[in-house]
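J.: Input: one structure, supplied below.
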Amino acid sequence: MTKHPIIVDIENRKTVKHYDPTRRVSQDKMEIIYETLRLTASSINAQPWKFIVIESEIAKQRLANTFARKNFHNKQHIFDGSHVILFAHNPRYSLEDYATVVDTDISNGRGKPEDRERYLSKFSFAESKTDSSGSNAHWTKAQVYIALGNALHVLARLNVDGTPMEGVDPELINQEFAPELDGFECELALVVGYHHPDGANAKLPKSRLPREAVLHIL
Ligand SMILES: Cc1cc2nc3c(=O)[nH]c(=O)nc-3n(C[C@H](O)[C@H](O)[C@H](O)COP(=O)(O)O)c2cc1C
């Protein structure tokens with residue numbers, strides 16, 4: 001039986017450990033990746049994220065500086081990869097933030113102006129995820145991982161390689177990019193580019209737990 005192209009895509013994507021520094025991802029493909037991020041689904045359509053793209057040499061050097069204390073193995077990807085996307089979440093998602101979403105829905109014709117108050121009442125779900133200090137970071141951070149999953153799939157479709165990276169230093173990133181983050185927090189990044197032809201990982205087979213260990217159909 002021939003494999004479905006979706007499965008072929010997912011089987012072929014491998015986390016890159018060694019990039020080809022001579023190759024850049026085209027602007028056309030980057031635009032598809034950006035649109036994928038923007039269109040990602042999130043709980044109550046909150047979209048509590050910001051994606052910061054590290055493209056210029058200056059920005060790459062700023063990001064490299066945040067690898068001064070740990071995760072040294074990930075540092076070279078910043079220079080050898082084509083772009084790095086910082087996934088940032090809003091740690092204190094508020095009713096005001098949600099009102100922006102509701103108003104956008106109304107202006108896009110998805111909702112009626114007269115129902116605005118009713119739409120806003122859906123914020124009670126975010127409140128249920130908010131602790132007594134006003135933090136809902138665990139909930140908003142979960143949303144950026146949906147964008148990561150979406151992006152990984154799209155990279156595979158585009159034949160672009162990538163490295164998801166939790167191996168970053170959130171404290172230093174949040175300091176270095178404080179002006180751009182503007183109160184958001186980054187604990188996750190995605191390098192995109194093309195693997196080096198000698199990169200060992202690219203030649204290894206995919207390895208996952210067997211289906212019966214993870215899938216339970218009732
Ligand atoms: C959320 C997340 C964080 C990850 N962080 C790192 C990282 O910091 N450095 C790294 O080299 N790989 C990282 N990886 C890659 C995983 O090790 C890799 O996805 C896993 O071993 C499966 O291999 P594959 O992606 O080649 O299929 C991360 C993957 C995910 C999904």
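J.: In whole Hz, what ³J(HN,Hα) sequence does the range 122-127 give by Karplus (6.51, -1.76, 1.60; θ = phi - 60°), x for Gly and Pro?
T.: Once θ is set to phi - 60°, the couplings for the range 122-127 become 5, 4, 4, 5, 5, 4 Hz.
J.: Another question, then. Around G167, with a cut-off of 10 angstrom between Cβ atoms, what is the net charge of the other residues, counting Lys and Arg +1 and Asp and Glu -1?
T.: Within the 10 Å Cβ shell, the charges total 0.
J.: On a straight-distance basis, which aspartates and glutamates could pair with K50 in a cross-link, Cα separation under 14 angstrom, same-chain partners fewer than 8 positions away excluded?
T.: E35, D97, E180, D182, E185, E187
J.: OK, next. Give, to the nearest whole percent, the P(r) tail of the range 1-157 beyond 18 angstrom, counting all Cα pairs.
T.: Across the range 1-157, Cα pairs with separations above 18 Å total 69 percent.
J.: Residue by residue, what Karplus-based ³J(HN,Hα) values in Hz, rounded to whole numbers, does the range 63-80 have, using 6.51, -1.76 and 1.60 with θ = phi - 60° and x for Gly and Pro?
T.: Using θ = phi - 60°, the values come out as 5, 4, 4, 7, 9, 6, 10, 7, 6, 4, 5, 8, 4, 5, 4, 5, 8, 7 Hz.
J.: If we count trypsin sites (Lys or Arg not before Pro) as exposed when they sit in a DSSP loop and have at most 11 other beta carbons within 10 Å, what is the longest stretch of the chain that avoids them all?
T.: 111-205
J.: Would you pull out the residues with amide H under 5 Å of G111's amide H, same chain only if 5 or more places away, H placed 1.01 Å from N?
T.: Here the answer is I106, since their amide H atoms fall under 5 Å of that of G111.
J.: My understanding is that a pair violates if its Cα-Cα distance is over 20 Å; which of K17/K203; K70/K203; K3/K206; K17/K60; K14/K70; K17/K70 do that in this structure? Write down the numbers at each step before the final one.
T.: Working: K17/K203 11 Å; K70/K203 27 Å; K3/K206 15 Å; K17/K60 18 Å; K14/K70 23 Å; K17/K70 17 Å.
The pairs that break the limit, which is 20 Å between Cα atoms, are K70/K203; K14/K70.
J.: Quick one: putting +1 on the C-beta of Lys and Arg, -1 on the C-beta of Asp and Glu, what dipole do you get for the chain around its Cα centre, in Debye to the nearest 20? Intermediate results must be reported in sequence, preceding the final value.
T.: On the way: 27 positive and 29 negative charges, 171 e Å.
Here the chain has a charge dipole of around 820 debye.
J.: I would also like to ask the following. Taking Cα atoms, how many degrees apart are the long axis of helix 137-158 and the longest axis of the chain, rounded to 10 and kept between 0 and 90?
T.: Value to nearest ten degrees: 40.
J.: Counting alpha carbon pairs within less than 8 Å and at least 6 residues apart, what relative contact order, in whole percent, applies to the chain?
T.: 37
J.: Right, something else. Give the distance, in whole Å, between the Cα centre of the range 1-24 and the Cα centre of the range 72-125.
T.: Result: 29 Å between the Cα centres.
J.: At 222 nm, what helix-only mean residue ellipticity would the chain give, in deg cm²/dmol to the nearest 500, using -39500 (n - 2.57) for each DSSP H run of four or more?
T.: Details: 12 runs with 104 residues, N = 218.
After summing the helix terms and dividing by residue count, I get -13500 deg cm²/dmol.
J.: Accessible area per residue of the range 7-152 at 1.4 Å probe, in Å²?
T.: Per residue, the range 7-152 has an accessible area of 54 Å².
J.: Give me the percent of accessible area attributable to carbon and sulfur for the range 100-218, probe 1.4 angstrom.
T.: Ligands and nucleic acids excluded, carbon and sulfur give 53 percent.
J.: Sequence-distant or interchain residues sharing an amide H contact under 5 Å with Y19, placed H: which?
T.: The answer is H196.
J.: Let me ask you something else. Tally Lys and Arg at +1 and Asp and Glu at -1 over the other residues with C-beta under 15 Å from the C-beta of S56: what net charge comes out?
T.: -1
J.: Here is a follow-up. Angle between the Cα long axis of helix 27-39 and the longest principal axis of the chain, 0 to 90 degrees, nearest 10?
T.: Helix 27-39 sits at roughly 40 degrees to that axis.
J.: Could you tell me the accessible area of S26 in Å² (1.4 Å probe, neighbours in place), rounded to the nearest ten?
T.: 50
The values are calculated or read from the model by the stated rules, or taken from the named source; none is laboratory data. Being a predicted model, the structure only gives us computed values, none of them experimental. Here the Cβ is made from the backbone with ideal geometry for all residues, glycine too, and neighbour counts use every protein chain on show. Just the protein is used for accessible areas: all its heavy atoms, side chains included, with ligands, DNA and RNA removed. Shrake-Rupley method; radii C 1.70, N 1.55, O 1.52, S 1.80 Å.
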